[in-house]
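Scroll down for the structure; my scribbles are underneath it.
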There are 2 protein chains.
Amino acid sequence: MQNSEAMGLSAALLAVAGELTQRINEGVVARGFEGLRPAHGFAFARLAPDGATVTDLAAHLGVTKQAASQLVDEIVRKGYAERRPHPQDARARLVVLTERGWACTRAAEEAAADAVRAWVALLGEREVRALRDQLVRIAPYGPLKPAW
Amino acid sequence: MQNSEAMGLSAALLAVAGELTQRINEGVVARGFEGLRPAHGFAFARLAPDGATVTDLAAHLGVTKQAASQLVDEIVRKGYAERRPHPQDARARLVVLTERGWACTRAAEEAAADAVRAWVALLGEREVRALRDQLVRIAPYGPLKPAW
DNA sequence: GGCAAATGGTCAAGCTACTTGACTACTGTT
DNA sequence: AACAGTAGTCAAGTAGCTTGACCATTTGCC
């Protein structure tokens, strides 16, 4: 595969990713959850299952724990999460989503589904499913750097 | 398609995009072009064909023209581009890549090709080509927001 | 042609999300 | 009991963006 083809693929991928991010964020805002930036979504994704510590979150986002702590301050202040004492470790605190945090997560899923529906309209369900499978297979396990 | 599937697709897409961005940037640095951030790559892509004005660049990047002007200052200072008088409009200035800027663009293409090769190793050339076609078809025309 | 409105670009100041550095509190190993 | 390592926060500095104001030039309109 030639360099120019690789560049075309890269450009398309980044353009689609940028637009998707924007659409999800707009969809979340449109559903009544304000004061959130895309980076918060990545944090919610890590908190969603069972909560996480600030240090976990920092590693997941690829930022310092000070930055992660500050981000947690923000979503706590806005009512999306709360800090609880950690059951095993008295130094640590477990950050968990509130009911409002869960509602916001569901809103993000709906917004993502809306965006994907637009792709289904263009490519068909079969192709979009293939797209998903391919992307899942090449997706890395590491931190989700929300910056470029 | 269910919301959770859409979320899985979205997460994979954003993860791949984040990793790709990072890899391209690292590849460019490894080839001897320092002091550049991913956002500069998006600027180079706009400047590459025939140059552009600061206002064009701002629209393309989705930022204010002050921010674009500042970014141009930076790449001019580092020798990747230069400002020329605009042939048709005495208010405007045409920003064009220097030879070093072109070399950097080629380095970015090589780095992108390296990243894509890793995907070919996982999925095979045929699947990667299909991936490219699908992404190109759903890629938007608008500004390339280098932020999420 | 002449003049108001629009446009390209820059200067200046302010904001915000991040960084590095220093510190306290607790853990766990020896 | 002592001590190195880890979780988290406080504080200060930084970098990239914003808004606001301004000048020079172009464009649209009578």
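The values are calculated or read from the model by the stated rules, or taken from the named source; none is laboratory data. Worth saying up front: this structure is predicted, and the values here are computed from it rather than measured. Cβ coordinates were reconstructed from backbone atoms using ideal geometry, including for glycine residues, and neighbour counts include every protein chain displayed. The area values use the complete protein model at the heavy-atom level, side chains included, leaving out ligands, DNA and RNA. Shrake-Rupley method; radii C 1.70, N 1.55, O 1.52, S 1.80 Å.
Where does the protein assembly as shown land on Rg(C-alpha)/(2.2 N^0.38 Å)?
Numbers: Rg = 20.5 Å, N = 296, 2.2 N^0.38 = 19.1 Å.
Relative to the rule-of-thumb radius for its length, the protein assembly as shown sits at 1.07.
Which value in nm describes the separation of the simple spin-label points at B:Asp114 and A:Asp50, placed 7 Å from the Cα toward the beta carbon?
3.8
Any chance you could check the Cα centroid distance between the stretch A:15-46 and the stretch A:70-91 for me, in angstrom?
Value for the Cα centre distance between the two parts: 21 Å.
Any idea what the B:Trp102 label distances to the other copies are, label 7 Å down the Cα→Cβ vector, nm, shortest first?
6.0
If the elastic network links every pair of Cα atoms under 10 Å, which of B:Pro49, B:Pro87, B:Pro38 fluctuates the most in the Gaussian network model of chain B?
For chain B, modelled as a Gaussian network with Cα springs under 10 Å, the answer is B:Pro87.
Take every Cα pair under 8 Å in chain A that's 6+ residues apart, average their separations, divide by the length, and report that relative contact order as a whole percent. Please list the in-between numbers first.
Values: 137 pairs, mean separation 40.1, N = 148.
The normalised contact order for chain A reaches 27 percent.
For B:125-132, what's the mean count of beta carbons from other chains sitting within 10 Å of each residue's beta carbon? Spell out each step's value before the answer.
On the way: counts 1, 0, 5, 6, 3, 4, 8, 8.
Partner-chain Cβ atoms within 10 Å, mean over residues of B:125-132: 4.
How large is the helix-only mean residue ellipticity at 222 nm for the protein assembly as shown, computed as the sum of -39500 (n - 2.57) over DSSP H runs with n ≥ 4, divided by its residue count, in deg cm²/dmol to the nearest 500? All intermediate terms of the calculation are to be shown ahead of the outcome.
Numbers: 12 runs with 196 residues, N = 296.
For the protein assembly as shown, the value works out to -22000 deg cm²/dmol.
Can you send over the solvent-accessible area of B:His60, 1.4 Å probe, protein chains only, in Å² to the nearest 10?
Approximately 40 Å² for this residue.
Taking A:Lys78 as the anchor, which aspartates and glutamates have their alpha carbon closer than 14 Å to its alpha carbon, excluding any fewer than eight residues away along the same chain?
Within the straight-line limit of under 14 Å, A:Lys78 reaches these aspartates and glutamates: A:Glu34, A:Glu99.
Please find, among residues of chain B, the one with the beta carbon closest to the rotation axis relating it to chain A, distance in whole Å.
B:Ala17, 2
What are the extents of the Cα atoms of the stretch B:11-148 along their three principal axes, in Å, largest first?
51, 32, 25
Within the stretch A:1-84, which trypsin sites (Lys or Arg not before Pro) sit in a loop by DSSP and count at most 15 neighbouring Cβ atoms inside 10 Å?
Working: sites: A:Arg23, A:Arg31, A:Arg46, A:Lys65, A:Arg77, A:Lys78, A:Arg83; in loops: A:Arg31, A:Lys78.
Loop-located and lightly packed - A:Arg31.
So, taking all protein chains as they sit and a 1.4 Å probe, how much accessible area belongs to B:Asp50, in Å² rounded to tens?
120
Taking the Cα centre as origin and putting +1 on Lys and Arg beta-carbons and -1 on Asp and Glu beta-carbons, what dipole magnitude results for the stretch B:3-138, to the nearest 20 debye?
340
Ordered shortest first, which distances in nm separate the 7 Å Cα→C-beta label point of A:Ala30 from those of the other copies?
4.1
Where nothing but the Cβ of Lys and Arg (+1) and of Asp and Glu (-1) is charged, how large is the charge dipole of the protein assembly as shown around its Cα centre, in debye to the nearest 20?
On the way: 38 positive and 34 negative charges, 96 e Å.
Taking the Cα centre of the protein assembly as shown as origin, the dipole is about 460 debye.
Among A:Leu131, A:Leu20, A:Leu71, whose mean-square fluctuation peaks in a Gaussian network model of chain A (Cα, cutoff 10 Å)?
So, out of A:Leu131, A:Leu20, A:Leu71, the one fluctuating most is A:Leu131.
List the distances, in nm to one decimal, from the label point of A:Pro140 to the label points of the same position in every other copy, shortest first, placing each label point 7 Å from Cα along the Cα-to-Cβ direction.
2.5
In degrees between 0 and 90, to the nearest 10, how far off the longest principal axis of chain A does helix A:3-30 point, with axes built from Cα atoms?
Taking the Cα atoms of chain A, the angle to A:3-30 is about 50 degrees.
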